[in-house]
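Below you'll find the structure I mean.
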Amino acid sequence: MTATRELTPWINGAAVPLDGRATDAIAFPYTGERATLAARGTEADLELAITAAREGFAKMRALPRHARRELLARIADAITQARQSLGEELARSCGKPIAQALGEVDRAAMTFSLAADEARRFGGEVVPLDVDPRTVGYAGLVHRFPVGPISAITPFNFPLNLLAHKVAPAIAVGSSLVVKPPPQCPQMAFRLAGIMAECGLPAGAYNVLHLPIAVAEQLATDPRFAMLTFTGSPAVGWHLKNVAGKKKVCLELGGNAAAVVHEDAGDLDWVAQRLALGAFAYAGQVCIKVQRVLIHQPIYDKFIEKLVSATSALPCGDPLDPKTVVGPMIDSAAADRVESWTREAVAAGAEPLLANRRQGNVLTPGILARVPRDAKVSCKEIFGPVSIVMPYRDWAEALTLVNDSDFGLQAGIFTHDINRIFAAFNGLEVGGVVVNDFPTLRVDNFPYSGVKDSGFGREGVRYAMEEMSEPRMLVLNLNK
């Protein structure tokens, strides 16, 4: 594979010439071959992008709702029209298996379509003021206004749809952005820039820079941004929040999601297949991947046999093969880390039920039992193709084990007892509970993020729009 193109800063509606800028080679994770070159943005580039975003904000805020809705609908249609080429480029950029990459493209189109729908109805409410004798004859209106230019930092694992979850709501509320895409695979952010420009997005509304860390921190510290929205690791996210000053901050961070399988779960073969997919698709590089599988003691032995069997059947390897489910890790350092954490757990007494095998950056799935609580594969976010299993005695213990984590993104529970379902919904310290499916499920219209170390604020189109706007009250004295 040879370099297909050079990615240069996208500022004020156009790509900036390379002009001798330093570049980074972006590798195809499966082969290590160079996929493209990305020019490093400079402090001067960032200054130009901030200025463009401020000017773009004025343009976006002035757009009426019908114009924003029509723009978002055109972008959704354009993504759908480019589905195959976007999916192939996405697969080559981050190593996501092509079937899952095409699914991500479909979801990105849906995210823009949802934003188009919300742009029509998002706005405000009438507040009755005659609840107080002093304000009889008064009327109250609440309207939501965009907070201002937004800085956005996006991750490698969903380089198109998680970007869409920041861009589409911003357009819908009438805001502008400066985006730092993931250094491992920035291609989708630049590709989206071209698509949106062709659809009529005003210049300055969307600016993209491939930035080194020293420059990128200004996305959090610069007071000209009204909001920072970040998806990535907890360590980086919480640091950026600490240095962000007075701006609004939304963090979507990591997890070590649990799935609870009770004896009344139903079809255990189907449950095992779903959990294998939720644990190991895209090599487990998903923040709501199934990391901990809690199994009711009476069905423990039977279920782990089914889980190991279902996992062993998952095709691994070339992400461009339509049959592949488990592709490569994003880079060799990520694969090295997963192997190291697994060895540490085994040395501490964990029992491999299914051992990883490695070829290049591809790690086949691994399942561990009897894992010590303080092993990294148990208490940290593995973000790779390893999961652990453990038995529990009763439902109360299961919920305690789910909550025994620094994270709280989503959980999946498999039971058909309504009392157990609501005990989980009321008692689990997570952002979402999925009943009778894996915790890896996300639909793009629902509120998404977590508690504890998993995040701060919410995404999901309408909920992100609320984060990106603020209410303003208008009080009318109609007596005079």
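The values are calculated or read from the model by the stated rules, or taken from the named source; none is laboratory data. Everything numeric in this text was worked out from a predicted model, so none of it was measured. Virtual Cβ from ideal backbone geometry, glycine too; neighbours counted across all protein chains shown. With ligands, DNA and RNA removed, areas are computed over all heavy atoms of the protein, side chains included. Shrake-Rupley method; radii C 1.70, N 1.55, O 1.52, S 1.80 Å.
Assuming a ≥ b ≥ c are the square roots of the Cα gyration tensor eigenvalues, decide whether the chain counts as rounded (a/c under 1.5), prolate (otherwise, with a/b larger than b/c) or oblate.
Values: a/c = 2.05, a/b = 1.27, b/c = 1.61.
Since a/c reaches 1.5 but b/c is at least a/b, the shape of the chain is classed as oblate.
Which Cys residues of the chain have no other Cys beta carbon under 4.7 Å away?
Cys with no partner Cβ under 4.7 Å: CYS199, CYS250, CYS287, CYS316, CYS379.
Go through the stretch 387-399 residue by residue and turn each phi into a ³J(HN,Hα) via Karplus (6.51, -1.76, 1.60, θ = phi - 60°); whole Hz please, and just put x for glycine and proline.
9, 10, 10, 8, x, 9, 8, 8, 5, 4, 5, 4, 5
Work from the charge dipole of the chain (Cβ charges, +1 for Lys and Arg, -1 for Asp and Glu, about the Cα centre) and give the residue of LEU476, ALA350, PRO155 farthest towards its positive end.
Result: LEU476, furthest along the dipole toward the positive end.
Would you mind checking which residues have amide H under 5 Å from LEU211's amide H? H placed 1.01 Å from N; only 5 or more apart, or other chain.
Placed amide hydrogens put GLY41 under 5 Å from LEU211.
Apply the Karplus parameterisation 6.51 cos²θ - 1.76 cosθ + 1.60, with θ equal to phi minus 60°, to every residue of the stretch 249-264 and state each ³J(HN,Hα) to the nearest whole Hz, in sequence, with x for glycine and proline.
9, 10, 10, 10, 10, x, x, 9, 4, 9, 10, 10, 10, 8, 5, 9
Ok, one more. Order the peptides 346-356, 184-194 from the highest to the lowest mean number of other Cβ atoms within 10 Å of their residues. Write down the numbers at each step before the final one.
Working: 346-356: 15.2, 184-194: 23.2.
Top of the packing list down: 184-194, 346-356.
Assign unit charges at the C-beta atoms only (+1 for Lys and Arg, -1 for Asp and Glu), then state the dipole size of the stretch 376-451 relative to its Cα centre in Debye, rounded to the nearest 20.
Roughly 120 debye for the stretch 376-451.
Let me ask something additional. Considering only DSSP beta bridges whose two residues both sit in the chain, what percent are antiparallel, to the nearest 5?
The answer is about 45 percent antiparallel.
With the other protein chains left in place, how much accessible area per residue, in square angstrom, belongs to the stretch 43-129 at a 1.4 angstrom probe? Numbers along the way, then the final one.
Values: 3890 Å² over 87 residues.
For the stretch 43-129, the solvent-accessible area averages 45 Å² per residue.
Can you say what percent of the DSSP beta bridges in the stretch 214-369, counting only those with both residues inside, are antiparallel? Round to 5. Each step should come with its number before you reach the end.
Details: 5 of 15 bridges.
Beta bridges within the stretch 214-369, antiparallel portion: roughly 35 percent.
Eigenvalues of the Cα gyration tensor times 5, then square-rooted: what semi-axes does that give for the stretch 6-161, in whole angstrom, largest first? If you can, show how the numbers build up before the last one.
Working: eigenvalues 321, 97, 36 Å².
For the stretch 6-161, the ellipsoid semi-axes come out as 40, 22, 13 Å.
Taking all protein chains in place and a 1.4 Å probe, what share, in percent, of the accessible surface of the chain do carbon and sulfur account for? Let's see the in-between values first.
Details: 10340 of 19150 Å².
C and S atoms contribute 54 percent here.
If you don't mind, another one. Given R₀ = 41 Å, what would the calculated FRET efficiency be for ALA347 paired with ASN445, taking r from the Cβ atoms and rounding to 0.05? Before the final figure, lay out each step's value.
Numbers: r = 45 Å, r/R0 = 1.09.
Efficiency computed from Cβ-Cβ geometry: 0.40.
Moving to a separate point now. Which entries in the list LYS241/LYS289; LYS166/LYS247; LYS180/LYS241; LYS302/LYS380 go over 18 Å, if you measure between the two C-alpha atoms of each? Could you put the intermediate results ahead of the total?
Values: LYS241/LYS289 25 Å; LYS166/LYS247 16 Å; LYS180/LYS241 16 Å; LYS302/LYS380 27 Å.
Long pairs (Cα-Cα over 18 Å): LYS241/LYS289; LYS302/LYS380.
With every protein chain left in place, what is the accessible area per residue of the stretch 377-480 in square angstrom, probe 1.4 Å? If you can, show how the numbers build up before the last one.
Working: 4540 Å² over 104 residues.
Heavy-atom SASA per residue in the stretch 377-480 reads 44 Å².
Right, something else. For the chain, what is the charge dipole size about the Cα centre, in debye to the nearest 20, if Lys and Arg each add +1 at the Cβ and Asp and Glu each add -1 at the Cβ? Walk me through the numbers before you get to the answer.
On the way: 49 positive and 51 negative charges, 212 e Å.
The calculation lands at about 1020 debye.
So, in Å, what gap is there between the alpha-carbon centers of the stretch 220-248 and the stretch 434-475?
The stretch 220-248 and the stretch 434-475 have Cα centres separated by 17 Å.
Right, next: Tell me which of HIS66, ALA22, ALA369 sits at the most positive position along the dipole axis of the chain, charges placed on C-beta atoms (Lys, Arg +1; Asp, Glu -1).
It is HIS66.
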